[in-house]
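The values are calculated or read from the model by the stated rules, or taken from the named source; none is laboratory data. Computed from a predicted model, the values in this text were never measured in an experiment. Please note: Cβ atoms are built from the backbone with ideal geometry, for glycine as well, and neighbour counts cover all protein chains shown.
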Amino acid sequence: MEELKRLVLNQENEEDQVVSLSLRPESLSDFVGQPDLVNGLKIAIAAAQKRGEQLEHTLFSGPPGLGKTSLAHIIANEMNSHIVITSGPAIKRTGDFMAILTNLSKGDVLFIDEIHRLDKKAEEFLYPAMEDFKVDFIVDRDTPYAKTINFPLKSFTLIGATTRSGLLTTPLRSRFGIFYHLEFYNETDLAYIVTTSARKLNVEIDADAAIAMARRARGTPRIVNRLLRRCRDYAQVNAQKNHIDLKVVDEAMRALRIDIHGLDELDRRLLAIIKTQYNGGPVGLEALAATLNEETDTIEDVIEPYLLKAGFLRRTSRGRELTSMATDLLK
Ligand code: ADP
């Protein structure tokens, strides 16, 4: 069993990417949940198409795995346009950015993931591109001959995704016409997603097994799909069948040490550290990260949002605190 677990965890990243692509919803009607967002986007897309224009620049915020990248692909599909994908940290020089922007065709979608991590200069370069579809490029900078050259761009839609909209500067945020925050998904939506994914992966799944996975998925479609793949491995290798029932889910979750709330070892370690080393809190983020030996970003972006939402953790002005629910869990 240990071997299976190791094998499975090692494959996670690569497999995650390949399988995610095939499981990704392709149209707004395949996109489960987030009804306000879906309805709002449907109207905005239909209106843009009616006017023969590109969609307004759109910003999606929310924890990882909730569908931001999928939505960018869906918008490009629905608008019959191409999508160019980059990310904030990948744009290191304005020259690189210039090349991306000047190569866009009319109506293209430019998707910038982790847009809150865009370098300051690149961000300023983006302002006129978003507002007037032009870029200002300074030649012979730092010489008496310095001059600004204007390059016109084709009209495009910028789609930004961020796990931390609070870190976006006001000038950047105000240049997006459409802004949606993605919420964690409920169990019914996650059970529907996992059932649809199982069909795509050609594996049978019982309704109660789908719900059991949904319950442990931390409100996140990417996680429910990952649990599905782990359960499929478990069913095929240990139970010798292509059918996921409740027993398979329970055993696979036990092997992965994921509890009934969907919490894994890292979550439990974080809660246990606050309890034992900081007397239940409050504890500051930096101190917590140092004790846990994790990046502060990982805590804020990946671990903490669900612990807060599920009611295990509380954020106060003095730091993170355990709730009574967490104290009960750790007994
Ligand atoms: P993000 O960009 O927010 O990190 P992704 O768009 O990459 O998230 O979503 C991760 C995976 O979760 C996708 O590949 C897709 O399989 C699944 N997914 C996300 N949102 C939905 C949804 N609303 N309906 C169905 N599947 C979804």
Strands (runs of 3 or more DSSP E) enclosed by the range 54-165 - at least 2 residues per element that are surrounded by 15 or more Cβ atoms within 10 Å (Cβ to Cβ): 58-61, 83-87, 109-113, 134-139, 157-162
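Which of the residues that make up the range 272-291 are among the hydrophobic types (A, V, I, L, M, F, W, C) and over 23 Å from the mean Cα position of the chain (by Cα)?
Let us first name the residues in the range 272-291 that are among the hydrophobic types (A, V, I, L, M, F, W, C), namely 272-274, 283, 285, 287-290.
Selection gives Ala272, Ile273, Ile274, Val283, Ala287, Leu288, Ala290.
Filter the range 193-205 for residues that are buried (at least 17 other Cβ atoms within 10 Å of the Cβ) and not β-branched (Val, Ile, Thr) and give the result. Let's see the steps before the verdict.
Filtering the range 193-205 for residues buried (at least 17 other Cβ atoms within 10 Å of the Cβ) gives 193-195, 197-198, 203, 205.
The answer is Ser197, Ala198.
Looking at this structure, is Ile149 modelled with pLDDT under 95 and either out of contact with any Leu (no Cβ under 6 Å at 6 or more places or on another chain) or within 25 Å of Leu41 (Cβ to Cβ) (or both)? Working first, answer last.
Numbers: modelled with pLDDT under 95: yes; either out of contact with any Leu (no Cβ under 6 Å at 6 or more places or on another chain) or within 25 Å of Leu41 (Cβ to Cβ) (or both): yes.
Yes.
Can you work out which of the residues in the range 166-180 that are free of Cβ contacts under 8 Å to residues at least 24 places away in the same chain and part of a helix (DSSP H, G or I) is farthest from Ala48 (Cα to Cα)? Break it down stepwise before answering.
Of all residues in the range 166-180, those free of Cβ contacts under 8 Å to residues at least 24 places away in the same chain come to 166, 170, 174.
Next, only the ones that are part of a helix (DSSP H, G or I) stay: 166, 170.
On the way: Gly166: 28, Thr170: 25 Å.
Among those residues, the one meeting the criterion is Gly166.
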A careful count of residues in the range 38-78 that are away from the ligand (no atom under 12 Å from the Cβ) and free of Cβ contacts under 8 Å to residues at least 60 places away in the same chain gives 14
